[in-house]
Amino acid sequence: MARRLAPGTRLVLASHNQGKLAEIAALLRAPDGTPRVDLVSAGDLGLPEPEETAPDFTGNARLKAQAAAFASGLPALADDSGFSLAALGGAPGVHSARWAGPEKNFAAAMAEINRRLGAAEDRRAWFSCALALAWPDGETATFLGRVEGHAVWPPRGTNGFGYDPMFVPLGAHETYGEMAPARKHEASHRARAFAALLAAVVSA
C-alpha cells in the first residue's frame, strides 16, 4: 500500500510556475474547498530546478520530485506534463516547456506549432500528465493522466497557461484557455492524474 499523506502535511510542489501552483492547489483541496495539505512551491523555498533529462514524463516528474524532497527534507510533488500532436509525431511532448524557451514564451511556442503543422489536416492532439510524489527517504509513487482532443488556430482564451488556448478536448467546443478553471479541473489530464493520487495517498 502506498504511503499516505496526513491532513495538513507540508508538501513541496517541485515547480517555480505560479500558474501551475494555483492549479495544483485547487486540485488538492477537499470537496468543501479546504486545503488537504500545506502546499509550498520549490520557488518559494529557493530550491533549484533540476535538469529534466529523462526521456518521458514519468521520469522527469520523478527527477524533480526527488530533488525537491532531498533538498527540503519534506515530501515533494512534481508534475511533468506536455502537449503532443499526432501530425508532429508526438512533439513537442516532453520538450513542451523547452519549446517556450527560457522566457516561457508560450505564444511563440504555439506559433511554432502552427507553423510546423502548416496545412496538415490531422489536428489530433493530447495533453499528458505524470505526477511523482517523493519522500526524503527515496520512496516515490507515480500517477498518470491523459486527455485527447484537437488543436486550433488561432489560440482562444486567456485562462490556464502553457498551450491551453490552442487545445479543445474531445466533446467540448471551448479551448482550455476559454474554460472556467473549475470546468477544466473536472476532467483535465492533470485532474485525472490527481484523482489517482488522491485515491492512493491523500487522506480524506
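FYI, it's all coordinate maths here, none of it is from the lab. Bear in mind that the values here come from a model prediction, so they are computed numbers and not experimental data. Here the Cβ is made from the backbone with ideal geometry for all residues, glycine too, and neighbour counts use every protein chain on show.
Which whole-number percent gives the relative contact order of the chain, counting Cα pairs below 8 Å spaced six or more residues apart?
After rounding, I find 21 percent.
Sum up the charges of everything whose Cβ sits under 14 Å from the Cβ of VAL37, counting Lys and Arg as +1 and Asp and Glu as -1, but leave VAL37 out.
+4
Only Cα pairs under 8 Å and at least 6 apart count here; give the relative contact order of the stretch 43-113 as a rounded whole percent.
Contact order relative to length: 19 percent.
Once you list every other residue whose beta carbon is under 14 Å from the beta carbon of ARG183, what net charge do they have if Lys and Arg are +1 and Asp and Glu are -1?
Once all neighbours under 14 Å are counted, the net charge is -3.
At each listed q (0.08 Å⁻¹), what is the log10 of I(q)/I(0) that the Debye formula gives for the chain modelled as equal alpha-carbon point scatterers?
-0.26
Set the Förster distance to 41 Å, then compute FRET efficiency between GLU121 and THR34 from the Cβ-Cβ distance, nearest 0.05.
0.30
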